[in-house]
Structure formats: C-alpha cells, structure tokens
Amino acid sequence: MIIKFGTSGWRGVISREFTWDRAMAVVDAIALRLTETGHNSIAIGGDCRFLSPELAEATAERMAGYGFKAYLSERTVPTPVLSHACRRMKLGGVINFTASHNPPLYNGIKFSPFHGGPADGKDTDRIEDLIASGSIPENKANGFVSKTDFITPYLKEINEFINIDVFRAADSLRVVYDAFSGAGSGVLDKKLIELGASVRVLNGKRDPLFAGREHPEPNEQCLHDLSESVVRSGASLGVATDGDADRFGIVDENGVYVTPHDFMALLVNYLAETGKTGRVVRSITTGSLLDRVAEARGLEVVVTPVGFKYLGAEILKGGVLLAGEESGGLSLGKHVPEKDGVLAGLLAAEMVSYYDKGLGSLLEELWAVHGRFYNTRLDLPLKPAMKKYIVENLFDVDKEEAAGESVRSVNRIDGVQLVLGDDTWVLVRLSGTEPLARIYVQSPSMEENDRISRALAAEFEMS
C-alpha cells in the first residue's frame with residue numbers, strides 16, 4: 001500500500017483514496033512509529049467532516065488495543081486544541097482526522113509527534129515505509145480509552161497569549177464569527193463572549209458539506225456572507241476559521257477582506273508596540289510588508305519553505321515572536337508550534353479593542369508609513385502535461401523572463417520565486433495537499449498582479 005504525506009498530513013478523496021482500511025493502515029503505522037520512539041500515549045480527535053468522529057473513536061479503540069493510553073476528544077475539536085493538549089499532557093503525539101480547508105469530498109489524517117507541531121520528514125518518511133511494508137503492531141492488554149475535554153483547558157490557558165484587560169476596557173466589541181460549519185464553533189465564539197464581546201455566529205452547526213462551499217477556505221472568495229453580516233450589523237470586525245480551525249479569515253469594520261499578509265504585519269506592529277520581542281518567521285509566499293514592519297521595529301525576519309512544519313520548527317528553537325504564512329496560519333512563539341485560527345481571531349479582536357479603531361483604519365495608517373503591496377494567489381488544476389511543463393521549463397532551468405519582464409534573481413527555497421522588481425515577484429509551486437499549481441504574485445498594484453498571473457497561467461495552460 002502506497003500512501004504519501006504532503007505538507008500537512010495525508011489527504012484524499014473519500015472512498016477513492018481515503019478509505020476506512022487505508023486510514024487504519026496509517027493509524028497502525030503511526031502506532032509503530034510512536035513505539036519506536038518510546039511513546040505510548042496519544043490525543044485523538046477529528047473535525048466535522050464525513051466520518052471524522054467515527055474514525056476518531058475507532059482509532060482510539062485501536063490504539064488502546066496496541067497498549068496506548070488513548071485520550072479521545074469528547075467532541076469535534078480544532079487542530080490547535082489537540083496540539084495544546086499534547087503539550088499540556090506530555091503525550092506522545094496527536095492523530096487528527098481532518099482535511100483542513102480541502103473540498104468536502106476529502107478527508108485526511110494529521111499526525112503530530114510529542115511536541116504538538118506537524119511531523120517532520122523523518123517521521124512521515126518512516127510512517128510511509130511502515131505502511132508500505134504492511135507491518136502491524138502487537139496487541140497488548142494495558143491500553144485504555146479516556147474521553148477527554150480538551151477545549152476547557154485550552155480556553156483557560158489561551159489567556160496567556162491575549163491581554164484580558166484590553167478586552168475588559170473595550171466599550172462595545174461586536175464580532176461576527178463564521179465557523180464554516182466546523183470545529184471552531186463553540187470555541188472561538190465562547191471565548192469572545194467570555195471576554196465581554198457581543199458575537200453573532202454564522203454556520204455554527206456541523207455540516208460535512210460546509211453549507212455548500214465548494215472549497216471551504218476562509219479566503220476572500222468564501223467570506224462574502226461574513227462581509228455582508230458585518231456591514232449589516234455594524235460590527236467591529238468579522239472573523240472566520242476553516243473546518244479544523246487552524247486557518248483564519250478576517251474582514252474589517254467595512255466588510256473588506258484583510259489579507260493574512262496585511263493582518264500579520266498589523267499584528268507584529270501591535271505586538272512590538274506593546275513590548276513583545278523576538279524573531280518574525282514567515283513562509284516564502286508571505287508578502288514583504290511584514291518584513292518592512294518587523295525591520296522598522298528592529299526584529300529579525302526568518303523565511304522558510306511553505307508548510308507550518310517549517311515554521312513550527314522555528315518556534316521549537318525558541319525566541320520567536322510570531323510565525324505565519326499567507327494561507328491564513330499563524331502562531332505565537334510561546335504557544336503551540338501549529339497554526340491556530342482561534343488565537344488569530346482573538347488577537348484581531350484585541351487589536352480593535354486596544355486601538356478603539358477598526359482594522360481598516362489601522363491598515364491605512366500602516367500603509368501610509370510602510371507602503372502598500374498587493375499579494376495574490378491563483379490556483380490552477382494540475383494536469384500531467386502542465387506539471388511536466390512547469391518542471392522542465394521553470395523548476396529545472398533558470399528562467400530569464402517571465403510575463404514580459406526580465407528576471408533579476410531566482411529563489412528556490414520552495415518552488416521557484418522569480419524577482420522581477422524591487423517590490424515585485426512571482427512564485428510558482430505545486431501544492432502538497434491537492435493537485436494544483438499555485439501562482440503567487442506580489443507587486444505595488446492589483447492590475448500588475450492580474451497581468452502577471454494571467455500571463456503565466458496562459459503559458460502553463462498551453463502545455
């Protein structure tokens with residue numbers, strides 16, 4: 001059996017690649033890997049996708065049969081909450097049934113070892129080998145299953161990473177929260193209410209079809225209802241999380257989408273202004289505004305490949321203020337080494353309360369000082385001919401021209417980034433979770449972004 005892990009676990013279309021038997025083969029391999037590394041305890045949960053709760057329960061029983069102390073979430077649970085539980089309880093790892101932001105037809109497994117962050121290549125390569133070998137753990141009699149409330153301790157300890165006094169001093173914080181029919185419902189909204197905010201929840205009930213969303217990612221295209229609700233209700237801001245609540249989406253007081261690039265720049269500025277220090281870590285696809293703000297505040301910037309396993313590794317080294325990526329994932333250096341959309345939403349609300357201004361107004365002030373960049377991403381369905389063309393004509397050679405512009409320099413940290421100007425670049429990479437080619441562009445104008453994206457898309461689609 002051949003199963004390959006991507007940048008964030010293993011995912012597949014339900015009943016075609018992701019089947020019950022294949023999922024249990026992954027579970028068996030994880031049990032063997034944990035045994036090899038001297039661990040016999042694990043946190044288990046799942047999001048709101050089709051069969052996630054049932055798979056989580058079956059996995060807990062299976063792991064107990066292999067002699068593991070299996071702590072099973074009482075309810076559907078966000079990925080960062082499981083990561084927090086693993087660290088708090090000093091467990092050997094996490095098995096989480098989720099396909100994150102993938103379409104509803106997908107499900108998957110995220111595995112995290114003892115540190116609570118995404119597994120690195122050493123772990124996933126070994127798990128893949130164990131799956132291929134068909135190895136099965138020995139049955140043992142000393143395991144057990146304990147249904148556990150992971151959420152209450154998480155919500156209590158998240159206070160370490162927010163300023164409760166700022167919330168208490170706020171006059172009238174009104175938040176609209178789109179839970180995307182996912183595991184964040186009853187977590188982020190519960191904490192905001194506890195902090196004194198008035199909260200309206202959209203899509204708060206479990207729905208494996210994500211209320212009809214074709215691609216349940218909290219990006220600009222999927223947040224129209226949230227934007228309309230913020231404007232209609234006069235809310236202070238709108239926040240959203242994806243199916244497993246590790247990714248965030250934000251709209252400002254005017255219902256305008258706030259990109260992760262801009263939000264993280266605002267957040268670093270706020271954290272530095274309130275006395276926080278440390279390295280700022282970002283993926284290569286994240287925009288340059290974050291760098292400008294960090295450098296103006298005297299903070300070092302570290303650039304990583306795409307995938308939170310790389311950012312999480314930097315967090316584990318220590319000394320990190322914030323780690324984040326353009327796809328809507330961030331964490332703070334002393335928090336979990338995993339994306340946390342719940343924390344991101346809380347920090348957005350905290351900033352609005354602290355400045356007594358909406359994020360839109362705050363961004364205008366930030367752009368006036370540091371300049372404005374436009375960052376976009378275009379996803380292309382990846383067919384074999386297109387993949388072959390991209391590899392042969394971009395990945396394997398040094399391209400001298402792109403979209404009618406001369407290439408100044410090439411960066412191959414992840415995919416291929418072509419620098420076209422002082423503030424203009426394009427990056428092409430192949431998704432590690434879906435059959436997609438992704439074109440990322442940054443420039444000082446949206447028109448230029450569109451032109452560059454269309455030019456490269458046309459080139460690739462002719463292959």
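The values are calculated or read from the model by the stated rules, or taken from the named source; none is laboratory data. Quick caveat, the model's predicted, so the values are computed rather than measured. No Cβ is skipped: glycine too gets one built from the backbone with ideal geometry, and neighbour counts run over all protein chains shown.
Below, the figures for the structure above:
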quantity	calculated
Search result, residues across segment 1-24 that are small (Gly, Ala, Ser) and more than 16 Å from residue 123 (Cβ to Cβ)	12, 15, 23
Residue count for segment 31-55, restricted to those that are more than 19 Å from residue 69 (Cα to Cα) and of a type in the set (A, V, I, L, M)	1
Breaking point among (1) at pLDDT 95 or above; (2) on the phi > 0 side of the Ramachandran plot; (3) not acidic (Asp, Glu), for residue 211	(1)
Checklist (1) touching a Gly at 6+ places or on another chain (Cβ under 6 Å); (2) surrounded by 24 or more Cβ atoms within 10 Å (Cβ to Cβ) applied to residue 261, failing item	(2)
Residue count for segment 7-43, restricted to those that are closer than 21 Å to residue 86 by Cβ and within 21 Å of the chain's Cα centre (by Cα)	6
Wholly within segment 308-418, helices (runs of 4 or more DSSP H) carrying at least 3 residues that are in contact with a helix residue (DSSP H, G or I) (Cβ under 8 Å, 6 or more places away or on another chain), under 30 Å from residue 298 (Cβ atoms) and at pLDDT below 95	none
Scope segment 134-178; condition over 27 Å from residue 202 (Cα atoms), at pLDDT below 95 and among the polar types (S, T, N, Q); matching residues	135, 139, 142
Cβ pairs under 8 Å, 6+ apart, first in segment 378-396 and under 20 Å from residue 450 (Cα atoms), second in a helix (DSSP H, G or I) and of a type in the set (Gly, Ala, Ser)	378/453; 378/457; 380/457
Lone qualifier among 192, 237, 173 - being over 17 Å from residue 79 (Cα atoms), crowded, with 20+ Cβ neighbours inside 10 Å, in contact with an Asp or Glu (Cβ under 7 Å, 6 or more places away or on another chain) and in contact (Cβ under 8 Å) with a residue 40 or more places away in the chain	237
Any pair with Cβ under 6 angstrom, 6 or more apart, that starts in segment 414-428 at a residue that is of a type in the set (Ser, Thr, Tyr) and ends at one that is assigned to a strand (DSSP E or B)	424/443
